[in-house]
Amino acid sequence: MSEAQLTEPGVTGDWSVKDLLAHVTTWEEEALKYLPLILTGGTPPRYSVTYGSLDAFNAQMNAQKRSLSLAEVLRQLEETHRRLIDYVQTTPETAFTRETPFRRRLRLDTYSHYPIHTRMIREWRERSAG
């Protein structure tokens, strides 16, 4: 996709592909922040308490990252994803062998999140193609 396509609003609401990539990065950052806490038995703060709701958190993070250039969003995406992969590779196998709070959080913040936004982008591209 061209830079113009990646920054065109309307994929979902007024969000562009760039905004969705920044959003996915935000959730990978959240995973990196809270997975170590969860692994040691801790409980992350609730987004509904801290931000009012998940939607409010997403809106706030989007507003913070909206002014970033496409190049910066892509750099953050790659860097954060690499750190996440490195972290997961060093996590004890017991965190993955059954449904644990760690595995649930990893799933919600990462690999179950990706297809949702991939589908949004594909559907938007189909609508745009006419």
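The values are calculated or read from the model by the stated rules, or taken from the named source; none is laboratory data. Remember, predicted model here, so these are calculated numbers, not experimental data. Cβ atoms come from the backbone with ideal geometry, glycine included; neighbour counts cover every protein chain shown.
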Restricted to region 47-66, and to residues that are part of a helix (DSSP H, G or I) and among the charged types (D, E, K, R), which residue is farthest from Trp15 (Cα to Cα)? Asp55
For region 89-119, what are the residues that are surrounded by fewer than 16 Cβ atoms within 10 Å (Cβ to Cβ) and aliphatic (A, V, I, L, M)? Leu108, Ile116
Any residue at all in region 67-88 that's free of Cβ contacts under 8 Å to residues at least 24 places away in the same chain and either in a loop (DSSP other than H, G, I, E, B) or closer than 14 Å to Glu30 by Cβ (or both)? yes
Restricting to region 1-22, name every residue that is farther than 20 Å from Glu126 by Cβ and surrounded by 19 or more Cβ atoms within 10 Å (Cβ to Cβ). Ala22
Condition check: under 15 Å from the mean Cα position of the chain (by Cα) and closer than 14 Å to Asp109 by Cα. Does Trp27 satisfy that? yes
Here are the criteria: (1) modelled with pLDDT under 95; (2) under 21 Å from Ala22 (Cβ atoms). Tell me which single one Pro92 does not satisfy. (2)
